[in-house]
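K.L.:
Below you'll find the structure I mean.
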Amino acid sequence: MITRMSRSIPSWRSLARLSDDELNGYDVAAVNLACAADLPGADRIDFARCLDRLDGWANAVGEYTDRMLPQFRRSPQRYENSEAYFRALAMITVLQRDLGVRYNPAKIAPDAPFDTADSFIHGVLQGDGGTCATLPVVYAAVGRRLGYPIRLSSTRGQVFAHGFARWDDQTTGVRFNIEAMNRGLSTPPDDYYRHDPRHRLYHLTPDAEREGCYLVSKTPRMELAGFLAARAARWDDARNWWRCVDSWAWAASLVPANEHVRNSLRRAMTAWDAELRRTKPLGFPDILVRADVRLFPDTLPLELERTIFGLTAVHHLLTDPRLETKYWARMRRGDIAHTPTRATATFAPNESCSIDLVFH
């Protein structure tokens, strides 16, 4: 019998404020899809269909596993004398052989462009296939429906990060990696993801492993942070720096020990600042930022939050069409008469921002 999951897709902002224990009650598939909301191409996601399909897949895996279990009992040596391994193999066999789960062949090349369907699981469930960012999430979602202790993990490749699933039973101590990007199942040791001399896919130094929190079994908050990082990458591709920085900032607040995520946030902030500087007219008003409360969790450094406030205020001023017509377009033509000299941006607890212009 599978564990039935909620049909609702929560907002990722509400999820980002939850503890690990609270997040643990949510379907990892729903959390993943929540982070795809309003991204380019997200309008094609059929959320109910995706969750229903995962339920159906879990049922099929469970029925096949029960049918084959006597075979494992007769010859456990064929399955590494491990029922956990047998169950993982049965799951991968059904998903790949019977249900058509596969790596999207169009995304095999290292330079293949990724879009929203390649970063979130609807690409597997209603599209052309998955990637190393999405297939492990599908395996975890199906496995958890069957009560399997499947976690997510990641490493850093030569070009991109690489995700994989892991059977990690804290009660029995049974732990092995689940690598199933191609046909079949392999269970490479952690060292394979540090340095793969045969294929040269990975090069993970001890410092990078520690700084990026790689090769650990992710907690629910770490999983959410990974999905928000994928969200940020899609906004980066769209050059929507406001939403990109917002996603990175929430990811960084969820995994404060991950220096790589925080560095990605800083890079996005730098790119956003450069774009705003190119857009601001000469004589653009100085901005005073007021915020009586933290909008991000205390785990995000205060200096980063304050810089984000300043960038957000400039963004709101420059993207207001009324202000563009009334002031900024004129100022770009050299007309600075009767234009604002200062502005005060006030951020409220609901994340809204009100701006007052000062003239003198």
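Values in this text are rule-based calculations from the coordinates and carry no lab data. Bear in mind that the values here come from a model prediction, so they are computed numbers and not experimental data. Don't worry about glycine lacking a Cβ; one is built from the backbone with ideal geometry, like all the others, and counts go over all protein chains shown.
K.L.:
Can you bin every Cα-Cα distance in the chain into 20 Å intervals starting at zero and give me the percent of pairs per bin, rounded to whole numbers?
P.N.:
For the chain, the pair-distance distribution reads 27, 50, 19, 4, 0.
K.L.:
If the cut-off is a Cα-Cα distance under 24 Å, which lysines reach LYS326, setting aside same-chain residues fewer than 8 apart in sequence?
P.N.:
Within the straight-line cut-off, LYS326 pairs with LYS280.
K.L.:
Among ASN240, LEU304, LEU265, whose Cα projects farthest towards the positive end of the dipole of region 239-358, with charges put on the beta-carbon of Lys, Arg (+1) and Asp, Glu (-1)?
P.N.:
Checked the options; the winner is ASN240.
K.L.:
Determine the dipole magnitude for region 239-358: charges of +1 sit on the beta-carbon of Lys and Arg, -1 on that of Asp and Glu, nothing else is charged, the reference point is the Cα centre, and the result goes in debye to the nearest 20.
P.N.:
With Lys and Arg at +1 and Asp and Glu at -1, about 520 debye.
K.L.:
So, with +1 on the Cβ of K and R and -1 on the Cβ of D and E, and no other charges, what is the size of the charge dipole of the chain about its Cα centre, to the nearest 20 debye?
P.N.:
Roughly 460 debye, rounded to the nearest 20.
K.L.:
Okay, moving on. Between HIS315, HIS162, HIS338, find the one with the highest GNM mean-square fluctuation for the chain; connect C-alpha pairs within less than 10 Å.
P.N.:
HIS338
K.L.:
Add -39500 (n - 2.57) for each DSSP H run of 4 or more in the chain, then divide by its residues: what number comes out at 222 nm, to the nearest 500 deg cm²/dmol?
P.N.:
-13000 deg cm²/dmol
K.L.:
Can you run phi through the Karplus equation (6.51, -1.76, 1.60; θ = phi - 60°) for region 65-80 and list ³J(HN,Hα) in whole Hz, with x for Gly and Pro?
P.N.:
4, 4, 5, 8, 4, x, 5, 4, 4, 6, 9, x, 5, 6, 10, 6
K.L.:
Taking R0 as 45 Å, what's the FRET efficiency between ASP298 and ASP191 from their Cβ-Cβ distance, rounded to 0.05?
P.N.:
Computed FRET efficiency for ASP298 and ASP191: 0.80.
K.L.:
Okay, next question. Using 0.36 nm per residue, how much length does the chain from GLU63 to ASP356 gain when fully extended, once their Cα-Cα distance is taken away?
P.N.:
Extra length available between GLU63 and ASP356 comes to 99.1 nm.
K.L.:
Between ALA109 and ARG267, what is the label-to-label distance in nm when each label sits 7 Å out along the Cα-to-Cβ direction?
P.N.:
Result: 2.3 nm between the two label points.
K.L.:
A further question on this structure: Rounded, prolate or oblate: which fits region 12-223, taking a ≥ b ≥ c as square roots of the Cα gyration tensor eigenvalues, rounded meaning a/c under 1.5, else prolate when a/b beats b/c?
P.N.:
rounded
K.L.:
OK, next. Hey, could you pull the Cα Rg and Dmax for region 224-287, both in Å?
P.N.:
13.1, 42
K.L.:
Let me know the Kirkwood hydrodynamic radius for region 239-358, please, with Cα pairs as the basis and the value in Å to one decimal.
P.N.:
15.2 Å
K.L.:
Okay, next question. Using 7 Å Cα-to-Cβ label points, what is the GLU324/GLU275 separation (nm, one decimal)?
P.N.:
Result for the modelled spin labels: 1.3 nm.
K.L.:
Once you have the Cα-Cα distance between VAL174 and GLU259, take 0.36 nm times their residue separation minus that, and quote the gain in nm to one decimal.
P.N.:
Fully extending the segment from VAL174 to GLU259 adds 27.6 nm.
K.L.:
Taking Cα pairs under 8 Å and at least six residues apart, what relative contact order does the chain come out at, in percent?
P.N.:
12 percent
K.L.:
Report the gain in length on full extension from ASN24 to ARG306: 0.36 nm times residue separation, minus Cα-Cα distance, nm rounded to one decimal.
P.N.:
Extra length available between ASN24 and ARG306 comes to 98.4 nm.
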